Amino acid sequence: MTAVPTPGEEGDSLDRIAADLTSLKAADGCSFAQLGRRVGTVRVARGVPAEAASPPRSTVYDLFRPGRTWIDTALLRDIVRALGADESEADRWVERCVRVRRSGERAHPVRTEAEPPAPPVPARAPARPPAAPPTRKKRTTMALLLGGILLNLLGIAVVQALDLPIFLDMVGTAATAIVLGPWHGVVVALAGNLLGFTVGVPAAAPFALVNVAGALVWGFGVHRFGMGDDIRQFFALNLIAAVVCAAIGAPVGLLLFGGFTGHGFDAVTSSIATMGVPVIAAVFSANLLTSLIDKLLTGFIALMIFVWLHGAVRVPATHMPLVERLSAPSPALEGSGRGAAPSTHGFGRLGRRPDRSGRMPPR
């Protein structure tokens, strides 16, 4: 742990505090998204409701920015604690910040001495949008749960009708787990499989345990272990889900159906068995091969659903930075959209006047 400079030492400033905090974070090696989740954990342990505990990544990043004229000491304390400091060390960071503030030292002053002091916390509006009313949030959650169940049933019906050698019965489970959390995914998993008889597949019910396992892997992988931070981690998460589901699904198929469930992937099992492989090994091999393809496809379909939900109906994605990046417009689109700065002459960015059809002439 980096030593905390003596509060009030000569030349201390908010810029130095931000720089020392940056060094502390660099020594830990965590990202701003991970740090935000850690802060949420610290606050939950203190009694803050889980839905309001994690600060937005932009708010966390802002505290490390040089040129500040004010620092939120409550957030500073939580960040230092999240980086491994104990209570006494966190107190020294806060005391240091208060001393600097009281001494009036500013690295980049933005107002004169005659102006009033910095406003309290309410003047710093959080980057996170206001929380939705409880009734609206409940309606949104119910709609996502129902949509997830319907997606699972649709996948089961399509695979059964086309006799496909994959499953597609967990798209709704994966989407709900990464959007809402693992236990919401479990609800969708159980309901989807137990209602399989409604689409003519009663044999789906015994495999509810496989679906539940997938919900826990995707949900905890994204919400607790940060495996939705980038595309490589999310790819690895889908591979883990595939292995876990195959490890559970193969024994269920062997014990209840002798390895042949009447599903399209029975053809894969038969093909492996004809090569002289024992039935048990053939079932496990077929499950693993099929599950790898199925879970990669399922996971990325669920990711695209989350991207659409985030962009279209503003479903929060602060816990999954990958979705925020995929939802962000490209610089080219931003430059040509409503947010683009107008040209001085009104001829567009390159000074060329569009023709009557609205198209730009060639150079």
Legend entry - Among the candidates Phe234, Phe225, Phe260, Phe284, residue that is open to solvent by less than 40 Å² (accessible area, probe 1.4 Å) and among the aromatic types (Phe, Trp, Tyr): Phe234
Inset, instruction - State yes or no: is Thr135 loosely packed, with under 14 Cβ neighbours inside 10 Å, at pLDDT below 90, more than 28 Å from Glu51 (Cβ to Cβ) and of a type in the set (Val, Ile, Thr)? - result: no
Legend entry - Identity of the residue in the stretch 72-99, assigned to a loop (DSSP other than H, G, I, E, B) and out of contact with any Leu (no Cβ under 6 Å at 6 or more places or on another chain), that ends up nearest to Thr41 (Cα to Cα): Gly84
Legend entry - Failed criterion for Pro129 (all others in (1) open to solvent by 50 Å² or more (accessible area, probe 1.4 Å); (2) modelled with pLDDT of 95 or more hold): (2)
Inset, instruction - State yes or no: is Thr69 open to solvent by less than 70 Å² (accessible area, probe 1.4 Å) and among the hydroxyl-bearing types (Ser, Thr, Tyr)? - result: yes
Inset, instruction - Keeping to the stretch 170-190, report how many residues are touching a Gly at 6+ places or on another chain (Cβ under 9 Å) and either over 20 Å from Phe220 (Cβ atoms) or open to solvent by 30 Å² or more (accessible area, probe 1.4 Å) (or both). - result: 4
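Yes/no matrix, rows are residues, columns are (1) modelled with pLDDT under 90; (2) over 30 Å from Arg136 (Cα atoms); (3) surrounded by fewer than 18 Cβ atoms within 10 Å (Cβ to Cβ); (4) among the hydroxyl-bearing types (Ser, Thr, Tyr):
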residue	(1), (2), (3), (4)
Lys295	no, yes, no, no
Ala302	no, no, no, no
Thr318	yes, no, no, yes
Leu322	no, no, no, no
Ser336	yes, yes, yes, yes
Inset, instruction - Only residues in the stretch 216-243 that are more than 18 Å from Gln34 (Cβ to Cβ) and without any contact (Cβ under 8 Å) to a residue 40 or more places away in the chain count as the first member; pair them with residues that are of a type outside the set (A, V, I, L, M, F, W, C) and surrounded by 15 or more Cβ atoms within 10 Å (Cβ to Cβ), Cβ under 8 angstrom, at least 6 apart or cross-chain, and list the lot. - result: Leu216/Pro182; Leu216/Gly185; Ile240/Gly221
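The values are calculated or read from the model by the stated rules, or taken from the named source; none is laboratory data. Keep in mind that what you see is a predicted model, and the values were worked out from it rather than measured. Every residue, glycine among them, receives a Cβ derived from its backbone with ideal geometry; neighbour counts consider all protein chains shown. Remember, those area values only see protein heavy atoms, side chains included, never the ligands or the DNA or RNA. Shrake-Rupley method; radii C 1.70, N 1.55, O 1.52, S 1.80 Å.
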